[in-house]
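Notes follow the structure.
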Amino acid sequence: MKKTLLVKCPLCGGTMEVSAESGKVVQHWTQAASTGGKDLGTQLEKVRERQRRLAATDEGEIARRLEESKKKGESAFDERVRKARKAIDDGERPENPMDLD
């Protein structure tokens, strides 16, 4: 019958089964991850709150970028309309994209 000793692992804090005859580790169990003394419900609520904050941040960022692209598109459109009206006022024919081919 082999004799083994159960020893606390100095690296991870888990448990090691060590052979008394050879001194080799026969089996090693890691220590369960600690939640810092908080229950599962508290941890779950913390994760959900973080997800809500990230979603709000993402939605705000998306809305800001969408607004910027609208303004950029509107200003480009307004510029093209202004050029076309000026060309008409000067008696020139507006640029037709189909004529560019």
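This model, with +1 at the C-beta of Lys and Arg and -1 at the C-beta of Asp and Glu, gives region 40-90 a dipole about its Cα centre of some 80 debye.
Placing unit charges on the Cβ atoms only, positive for Lys and Arg and negative for Asp and Glu, gives the chain a dipole magnitude near 860 debye about its Cα centre. Of the labelled figures [x] 1.85; [y] 3.42; [z] 2.78, only one reflects Cα Rg over 2.2 N^0.38 Å as derived from the coordinates, namely [z].
Among 4-17, 42-55, how do they line up by average Cβ neighbours within 10 Å per residue, starting with the highest? Write down the numbers at each step before the final one.
Working: 4-17: 12.1, 42-55: 10.4.
Final packing ranking: 4-17, 42-55.
Only one residue of Met16, Leu54, Leu100 has its Cα farthest out toward the positive end of the dipole of the chain, where Lys and Arg carry +1 and Asp and Glu -1 on Cβ, and that residue is Met16.
So what is the 222 nm mean residue ellipticity for the chain from helices alone, if each DSSP H run of at least 4 adds -39500 (n - 2.57) and you divide by all residues, rounding to the nearest 500 deg cm²/dmol? Spell out each step's value before the answer.
On the way: 1 runs with 50 residues, N = 101.
Dividing the helical sum by the residues of the chain leaves -18500 deg cm²/dmol.
The lysine pair count for the chain, using Cα distances under 30 Å and pairs eight or more places apart or on different chains, is 11.
Between Gln27 and Glu61, what's the calculated FRET efficiency when r is the beta-carbon distance and R0 is 35 Å? Round to 0.05.
On the way: r = 50 Å, r/R0 = 1.43.
It comes out at approximately 0.10.
Within the shell defined by Cβ-Cβ distances under 15 Å, the residues around Asp90 carry a net charge of +2, with Lys and Arg each +1 and Asp and Glu each -1.
Where a number appears in this text, it was derived from the coordinates with a stated rule and is not lab data. Predicted model only: the values in this text are computed from it and were never measured. Please note: Cβ atoms are built from the backbone with ideal geometry, for glycine as well, and neighbour counts cover all protein chains shown.
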